[in-house]
Amino acid sequence: MSKYIIVFTFFFCSQVQASVYFIKSAKVDLLSAAEKGSDVVATLERDTEVKELDVDRTWVKVESDGKAGWVSKIFLSKKKSMGTSQSLLDTDEDLSSSARKRASALTSAGAARGLRAGSDQLYQEDGEENLAALKIMESWKVDDEVGLEFLMNPQGEL
Amino acid sequence: MAKLIKIFLFFSFYSFAVWADGLYHKNSLIGGRASGMGGAYKAISDDASGAFYNPAGLVYSDGDSISGSANSYVSTKSTYKETIGNRDWERETDNLLPNFFGATKKFGKYTFGFSYVITDYMKENQNQVFQNLDELADPIDLFAFNLQSEDATYLIGPSLAMELSENLTFGVSLFYHRRVFRRSQSQLIQFGDGSDYSSYQNLSKRERGFHLRTGLLYSLEKHAFALTLSKAVMQTAIADSQANTKERNSSATDFGRRADVDRPKYPYEIGLGYAYFASPYLLVSADFDYYLHSEENRRNMWNAAVGAEYFLNSTYALRTGFYTNNTNSRKPSEIADEIPVEYMNMYGLTAGIGIHSKSSTISLGVNYGFGSGDARIYSSENSASTETKRFERQILGFLIAADYGF
Amino acid sequence: MKWLLLLLMMSQAFASHQQYRKRISQMKVEYDEADVLAEIKFGRELAAKILGKYQLLSDQKLQQYVSTLGAGLAQMIGRPELDYHFAVIVDDDINAYAGPGGYIFITSGAIALMKNEAQLIGVLAHEIAHVNKRSVVKKLKIRGDDDSLAAGLGVLIGGATASYRKALESALDKAFDLLFEEGISMKEELLADYLALLTLQAQGLNWQSYIDYLANMDKAIAKGQGEVVQKTHPPTSERIDSLNRHVKSWDESPKEVNQTRFKKYGKVN
């Protein structure tokens, strides 16, 4: 009998692993049923840790901070996020200095965009690459909150 | 008079053959990570150096890799007490050499390796002059002595490892073994009475053969168990020596030449290893080796090692280890008087750091070895006494290694 | 029988040993900040190259519509460390391109084929899924500099050198080929379609409409409007079949397609 107990312990030790996920999207509603349109139990933010309770096809029932509800599996990730583009952005960085900065790998996303000043002359304005158009495209970036609101609300206007 | 004879015979034809002549099995710690851990690596063995420690571990190597070069600087100091008259005799050597280079490649369930290992290396260069040895009954005005020797054992060859089951792996390395030993020494003694003695001796030995290393590795959750078996077999071995001597009482120089085949028998090495992967930060290991010797004047013996590795964070790891490096020589009392003997067991302490980055690791380490024992450094052929003298040895080595993953 | 069960249970327990062998240094993140910056830098170059070939559509309202929807979707299913950028380019061909760093292009031909917002959301989600997968980045091995001492010494000992400019130029050419000639893997295209459908379902939108869009694309390709998409994607019929297999177990598709808004902003002029 004792050897069965030992084996069972081994077995369960290796099996016991409650699935833990993190919320991938900026904001997600915990729904009372596996269907968009059902009541909202709670709203969770990015990187919130949740525990899986149940699965129904493409929906997962999770529990966080005492509240339980359904989310689409597309909103769950096994890992935490790396942080937003804001955390990569160091707006105080002096972009005018042309010396190639190797001090830290954490230079900024902004610097990456403006790196033309300091980097090797990679850009060639010979018709092969259109930097003016690129700048225009980048200027069309919409605020995260505005975009999310617009998406969530079908009646929203530009 | 007896003391005088001893000085002569101290530098007799056979005297230094003993020093690095296959007496030890742990003279060279290879691999950045393994050597930081005292070489207790059989149950870990999951990088290119695994080709040597336990080829079965290669299955667990992290992708394809090249283990850059492991360079070690070794300084050795041996002190033979009261040997020259009443003085201690110290020998110091230092070496800078690469001792390991290896690569691994994975192909599905198989892992291939290729490596180059220097398992033993000794280089010595001595120029000593003793003057006015008046305490002797037969005083000596000048005693000049010069010695150059080099002894290197290389292994080079492929390895293959495979999974036998989910928990069990097997590996084998087949090395081409080559050893080259060269020694030349000259002496000049000018006696107080005006007579002199001089000699020049030159000895070279070459051996070639194969060295097979195999192993099994069994893993069970956080534990790993290793079993290894190794054996080297020599195909050819040649020893060639020359000696010129001008005796004290003669004005002529005698010339002698000798060549013989001297195929050494290497032992069967049976090894056991254990590793406990306590957490992603901490790892402890222990190895045990048993050597079955069949050569005359050598005995069966064992070695053991323990090691630990602790990660401070995902970049820096600290390593430490302790190992034995026992001699396989029989005790002086068990060996015929004509044969010089060095009998000493050594111990070693290691410490090291690993610096890990995305695709490469640099290892730095230090290895301190020490021991004391008895030496019968002159044969009884021409001596009435077969006194043994105490001697000590300290070895300090530094290691730098690089590993590259793809 | 008892012993068989025992053995089975034991093998379950023993199977996990490989995870314990891994040291903390081996548990690397898939990519870090330096990799992301390298990706963004590369993505800009590639986007500039694409814009050298295609013109931006001048319809400002449409561009804003696409960018706003895209920004919202990026918040929902995109990588938070990136800023996604969207643009409609002038091309009768029906296609969309997802460049590294989050630079996403949709052709005017594709927009013209769409009938409602759900379809547009589907296509945008499909492209965002490609950016999330980082397949161009992985295929071209675009990585951040490893500034650490170890890597520097490793380079010294290993003697490795990189000719950055040459490498970048050839990488750009290769990326361009991937987007316009070869395509990323077919398997990944099908996966992106599936993620588009999941996104629509999560939004309570008409996911069936995305499948309808693929069917319309099929017809348009037959008429000659799919030169690039044919080269770089699986046959549309295969895409539709794959999605139909996925949705077999799903509840019926909602009907909501946000038609009103699409009528207002989504027409190509």
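The values are calculated or read from the model by the stated rules, or taken from the named source; none is laboratory data. It should be emphasised that the depicted structure is a prediction, and the values quoted were computed from it without experimental measurement. Cβ atoms come from the backbone with ideal geometry, glycine included; neighbour counts cover every protein chain shown. With ligands, DNA and RNA removed, areas are computed over all heavy atoms of the protein, side chains included. Shrake-Rupley method; radii C 1.70, N 1.55, O 1.52, S 1.80 Å.
Excluding B:Gly192 itself, calculate the net charge of residues whose Cβ lies under 9 Å from the Cβ of B:Gly192, where each Lys or Arg counts +1 and each Asp or Glu counts -1.
In short, -4.
May I ask what percent, to the nearest 5, of DSSP beta bridges between residues of chain C are antiparallel?
Approximately 50 percent, going by the DSSP bridge assignments.
In terms of the Cα gyration tensor, with a ≥ b ≥ c the square roots of its eigenvalues, is segment A:18-77 rounded because a/c is under 1.5, prolate because a/b exceeds b/c, or oblate?
Rounded, since a/c falls under 1.5.
Would you list, by chain and number, the lysines whose Cα falls below 18 Å from the Cα of A:Lys73, excluding same-chain residues fewer than 8 positions away?
Result set, ordered by chain and number: A:Lys24, A:Lys27, A:Lys36, A:Lys51, A:Lys61, C:Lys133, C:Lys248.
Need the list of aspartates and glutamates near C:Lys231 for cross-linking: C-alpha distance under 12 angstrom, and skip anything on the same chain fewer than eight residues off.
Counting by Cα, and skipping residues close in sequence, C:Lys231 has these aspartates and glutamates nearby: C:Asp177, C:Glu181, C:Glu182.
With a 1.4 Å probe and all protein chains kept in place, how much accessible area does C:Ser108 have, in Å² rounded to the nearest 10?
Using a 1.4 Å probe on the heavy atoms, I get roughly 10 Å².
Does chain C come out rounded, prolate or oblate, given a ≥ b ≥ c as the square roots of the eigenvalues of its C-alpha gyration tensor, rounded meaning a/c under 1.5 and, failing that, prolate meaning a/b above b/c?
Since a/c reaches 1.5 but b/c is at least a/b, the shape of chain C is classed as oblate.
Taking the alpha-carbon distance from C:Lys255 and a cut-off under 18 Å, which aspartates and glutamates remain once sequence neighbours fewer than 8 residues away in the same chain are dropped?
A:Glu35, C:Glu117, C:Asp212
What is the sum of charges, Lys and Arg at +1 and Asp and Glu at -1, for the other residues whose Cβ falls under 12 Å from the Cβ of B:Lys26?
Value of the local net charge: -4.
Starting from the residue with the highest accessible area, list B:Trp302, C:Trp207 in decreasing order, probe 1.4 Å.
Largest to smallest exposure gives the sequence B:Trp302, C:Trp207.
Could you pull out the pairs from B:Lys105/C:Lys141; A:Lys78/C:Lys187; B:Lys106/C:Lys139; B:Lys26/B:Lys109; B:Lys42/B:Lys205; A:Lys135/C:Lys223 whose alpha carbons sit more than 25 Å apart here?
From B:Lys105/C:Lys141; A:Lys78/C:Lys187; B:Lys106/C:Lys139; B:Lys26/B:Lys109; B:Lys42/B:Lys205; A:Lys135/C:Lys223, over 25 Å: B:Lys26/B:Lys109; B:Lys42/B:Lys205; A:Lys135/C:Lys223.
Report relative contact order for chain C in percent, whole number only (criteria: Cα-Cα under 8 Å, sequence separation at least 6).
22
Starting from the residue with the highest accessible area, list C:Tyr97, B:Tyr347 in decreasing order, probe 1.4 Å.
Heavy-atom accessible area, descending, gives B:Tyr347, C:Tyr97.
Would you tally the net charge around B:Gly365, using a Cβ to Cβ cut-off of less than 14 Å, leaving B:Gly365 out, and scoring K and R as +1, D and E as -1?
Once all neighbours under 14 Å are counted, the net charge is 0.
When only DSSP loop residues count, what trypsin sites (Lys or Arg not before Pro) in segment B:102-208 have their Cβ near at most 12 other Cβ atoms within 10 Å?
Sites meeting the loop and neighbour criteria: B:Lys109.
Using a 1.4 Å probe on protein heavy atoms only, how many Å² of accessible area do A and C hide from each other, summed over both chains and rounded to 100?
Roughly 6600 Å² of accessible surface disappears when A and C pair.
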